[in-house]
1. Once you place label points 7 Å from the Cα toward the Cβ at D200 and S61, how far apart are they in nm?
2. Give the Kirkwood hydrodynamic radius (Å, one decimal) of the range 3-67, defined as one over the mean of 1/r across all pairs of different Cα atoms.
3. Give me the extension gain from L28 to S153: residue separation times 0.36 nm, minus the current Cα-Cα distance, reported in nm with one decimal.
4. Kindly rank 4-12, 183-191 from highest to lowest mean number of other beta carbons found within 10 Å of each residue.
5. Share of antiparallel DSSP beta bridges in the chain, in percent to the nearest 5?
6. How much length is gained on full extension from E170 to K118, taking 0.36 nm per residue of separation minus their Cα-Cα distance?
7. Need one word for the range 109-176: rounded, prolate or oblate. Basis is the Cα gyration tensor (sqrt eigenvalues a ≥ b ≥ c); a/c below 1.5 gives rounded, then a/b vs b/c decides.
8. According to a simple spin-label model (label point 7 Å from Cα along Cα-to-Cβ), what is the distance in nm between R3 and Q109?
Amino acid sequence: MPRFFIDKAPDEQAVITGEDGRHIAKSLRMKAGEPLVLCDGQGTDYHCVISSVNEQQVVVSVNSAVPTVSEPSISVTLYQGLPKSDKMDSIVQKAVEMGVVRIVPVLTQRCVSRPDAKAGHKKTERWQKIAVEAAKQSGRGILPTVSPVTDFSAAIRQAAKDGAVLFFYEGGGTPLTSCIDPACGTCSVFIGPEGGFTEDEVRLALELGAAKATLGPRILRTETAPVAALAAIMLLTGNMT
């Protein structure tokens, strides 16, 4: 069923305009009487039926409100070393599908891609749009956010303040089954760019209390590692049953 996010909880009726309204009317070619779901981005779904459609707006009647069932019990933030080319597009999309609440692109010492402030802002806007589309497609109950590009030192210090940090390092570490508490409520995940993290970055992360973790003996690509890590975390915390 088509799914759209709204800024606030609707009353008995809701009016959808802008890009979503045009998408319903022109791309999906939906008609009066067809159902769709609106989500307030706070974990509540509103099951609706279209009352009227035109090129300017779509009016829907709200039939019921129910909690979204797709949100995981653990709140995961992905700190992703900035990769080359357009790999970040796929990482954002897949991470949102896997259930992250926030994605932070991180500028590490070995990052080849090093956008300036203007380019970084444009990239962040693009990634946020990708996150929104992925949230719609995967039935998320919240809109995950993509933060501005952040340097490694600031990122690891912020993550350490927020709670448990899993620092995935190709140089080896503790198996994930021993790092993650099934009852854990929040977690930050660090994935390196092509070339991985430097020894100085690993040292700083460990000094700040991060757990050096491994995804096994194989070296995963930077775009593969976050998907594997998030899938494992969701499984170990009971969110893939």
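1. The answer from the label model is 6.6 nm.
2. So the Kirkwood estimate lands at 11.5 Å.
3. Fully extending the segment from L28 to S153 adds 40.5 nm.
4. The densest-packed peptide leads the list: 183-191, 4-12.
5. Within the chain, antiparallel bridges account for around 40 percent of the total.
6. Numbers: separation 52, 0.36 × 52 = 18.72 nm, distance 3.20 nm.
Computed gain between E170 and K118 is 15.5 nm.
7. Numbers: a/c = 1.93, a/b = 1.22, b/c = 1.58.
Oblate, since a/c reaches 1.5 and b/c is not below a/b.
8. Using points 7 Å along Cα→Cβ, the separation is 4.1 nm.
FYI, it's all coordinate maths here, none of it is from the lab. As the structure is a computational prediction, the values presented were derived from the model and not from experiment. Every residue, glycine among them, receives a Cβ derived from its backbone with ideal geometry; neighbour counts consider all protein chains shown.
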